[in-house]
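Below you'll find the structure, written out as structure tokens, and then a few comments.
Read the figures in this text as sums done on the coordinates, not as results from a lab. Keep in mind it's a predicted model, so treat the numbers as computed, not measured. Glycine gets a Cβ as well: all are built from the backbone with ideal geometry, and neighbour counts include every protein chain shown.
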Amino acid sequence: MDIQIIYLLYVLAFIIGSITGLVLSYKKYTEPFVRKNIDLAALILALIGWILTINYSLIETLIPYYATITIGIFLIAMVIGMRPGYGRFETVIGFAVAGIIWIIRTVLT
Amino acid sequence: MNLMANILLNVLVAFLVGSVLFGLQRKIIARIQMRPGPPIIQHLLHTLKFFIKETVIPKTAAMPFYIAITVILCSIWVAAVIVGPVSEGSLLILFAIFAIHKIVEHNAGSSSGSPYGKLSCVRAVFSAAAEVPLFAVLLIIYLQTGTMNLADIIAYQGTNGALLFSIPLAAMMFFVLILSKAYYYSPLNITMGKDLVSGFETEHFGMLRGFIMISESIAWYMLLWIFLTVFVGGLTPIGYLAGMIIITALVSLIDAVTPILNPNHSVMTQVTLAFVGIVGSVLMIFYL
């Protein structure tokens, strides 16, 4: 597939994911971000999203890389795009775990 | 790929990425100022919102120019995308588009009949002096590479290294230009100063405002695209995205920690930086 179409796919996945995350989080949380709890559902989405995006080559034989990254970006955007304040800790944890897996997979082996 | 499809694809990417980068700019500024800030896609949602609002035309508007100016603004930035990412044409055309953008800012303000718009229009004329760096950058790039063609400039950098390192002062001048076009709280963007509400676009409502905002998003993407292409060289789409995020973050940092300058100071700052940039670059080209 043309690289520019793939690029557009990523951008659209980010935007649609952000809008979905924003709408869902406003339904879930009626108050502003004050309690600073970690949302388990958002954490799972962030973990899957970041792991898929950074470590897309793990399942490259099953699914084309751009499909994996598009799904990953959609899930990442759902968490990043949550109501202001929410989703920050989850994003950092997701990125850190995916980064550690990437380091173990590429640098340490 | 079919040329028409290529143009549509690039315009769509420019609009979406430009809008998200504006949102990112707002988010970073908010975080620096210890506020949660709006979601990153806020600017995009804001743009789309205007398409479902009523389009009101003020009694004092100079018709049909009031409507035509938004069409012109959209057209010039679509043209910029065609000359830039689609065909990698001449830098001269891109800089002509910047010059027309200045005239459009001027006329959008004056055609509305609003005092805010008119003041913004006067400032657009005043800040035209600050466009000096733009033409100087063109000349310096020509002196260094011997070409104005984007494809040739990319090829030149492929063999001689990025222009960012050989003519850094020209890059600095272009960065100041980018800074002066930043949408939110830019210290140098006097036509959009908060003392003028929304500057030249204050009296454009509904769909017309939506088109102006789409054009501005494309303009921001194009400014960053030109900077990266001319001073860093041909990058992959992901490379461009990374570069654009870095420049937007840098601009946001400057915007968040500096006050909005008054028009005199803004123009004098840009002219002073242009003087340093031009003299320094010419000296570097001929004596280093």
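In terms of surrounding Cβ atoms within a 10 Å radius of their Cβ, B:Lys118, B:Lys53, A:Lys36 rank from fewest to most as A:Lys36, B:Lys53, B:Lys118. In chain A, the longest principal axis of the Cα atoms and the axis of helix A:88-102 are about 20 degrees apart.
Structure remark: mean-square fluctuation, Gaussian network model of chain A, C-alpha springs under 10 Å; the largest value among A:Leu12, A:Leu22, A:Leu47 belongs to A:Leu12. The 3J(HN,Hα) values that the Karplus relation (6.51, -1.76, 1.60; θ = phi - 60°) gives for region B:234-242 are, in residue order, x, 10, 6, x, 5, x, 4, 4, 4 Hz. Gly and Pro appear as x.
Diffusion of region A:3-107 by Stokes-Einstein, at 25 °C in a medium of 0.890 mPa s and with Rh set to the Kirkwood radius over alpha-carbon pairs, works out to 175 µm²/s.
Toward the positive end of the charge dipole of region B:152-265, with +1 on the Cβ of Lys and Arg and -1 on the Cβ of Asp and Glu, the farthest Cα among B:Asn160, B:Tyr185, B:Leu223 is that of B:Asn160. Note on B:Leu12 and A:Arg105: their simple-model spin labels are 2.9 nm apart, each label 7 Å out from Cα toward Cβ. If the label point is 7 Å along Cα→Cβ of B:Met207, which residues in region B:35-57 have backbone nitrogen under 17 Å from it? Answer for region B:35-57: B:47-57. Ranking A:Ile100, A:Ile54, A:Tyr29 by Cα position along the charge dipole of region A:3-107, where only Lys, Arg, Asp and Glu carry charges on their C-beta atoms, puts A:Tyr29 farthest toward the positive end. Each residue of region B:110-115 is assigned a 3J(HN,Hα), and the resulting list reads 6, 6, 7, x, 7, x Hz, derived from the Karplus form 6.51 cos²θ - 1.76 cosθ + 1.60 (θ = phi - 60°), x at Gly and Pro. With a Förster radius of 22 Å applied to the C-beta separation of A:Tyr26 and B:Gln33, the computed FRET efficiency comes to 0.40.
Here region B:3-287 is assigned +1 on the Cβ of each Lys and Arg and -1 on the Cβ of each Asp and Glu. Its dipole about the Cα centre then comes out at about 640 debye.
By the count of neighbouring beta-carbon atoms within 10 Å, fewest first, A:Met82, B:Met4, B:Met222, B:Met173 end up ordered B:Met4, B:Met222, B:Met173, A:Met82. Of interest is the spacing of the C-alpha centroids, which for region B:98-169 and region B:209-288 amounts to 10 Å.
Kirkwood-type hydrodynamic radius, region B:1-147: 18.0 Å, calculated from all non-identical alpha-carbon pairs. Note that region B:80-85 has calculated 3J(HN,Hα) couplings of 4, 5, 5, 5, x, x Hz, one per residue in order, obtained from phi through the Karplus relation 6.51 cos²θ - 1.76 cosθ + 1.60 (θ = phi - 60°); glycine and proline are x. Considering the zone a paramagnetic label at A:Ile48 would reach in this model (a point 7 Å from Cα along the Cα-to-Cβ line), which residues of region A:72-95 have amide N under 18 Å from it? Only A:72-82, A:87, A:90-95 pass the distance filter.
Taking the Cα centre of chain B as the origin and placing charges on Cβ (Lys, Arg +1; Asp, Glu -1), which of B:Phe50, B:Val122, B:Asn107 is farthest toward the positive end of the dipole? Of the candidates, B:Phe50 comes out farthest on the positive side.
In plain terms, the residue of B:His43, B:His101, B:His204 with the fewest other Cβ atoms within 10 Å comes first and the most crowded comes last, giving B:His101, B:His43, B:His204. Using only the alpha-carbon atoms, how far is helix A:65-80 inclined from the longest principal axis of chain A? Give it as 0 to 90 degrees, nearest 10. With both axes taken from Cα atoms, the answer is about 20 degrees. If you add up the charges near B:Thr229, with Lys and Arg at +1 and Asp and Glu at -1, over every other residue whose beta carbon is less than 15 angstrom from its beta carbon, what do you get? Overall, the nearby charge balance is -2. Dipole size of region A:3-107 about its Cα centre, with +1 on Lys/Arg Cβ and -1 on Asp/Glu Cβ: approximately 280 debye, rounded to the nearest 20.
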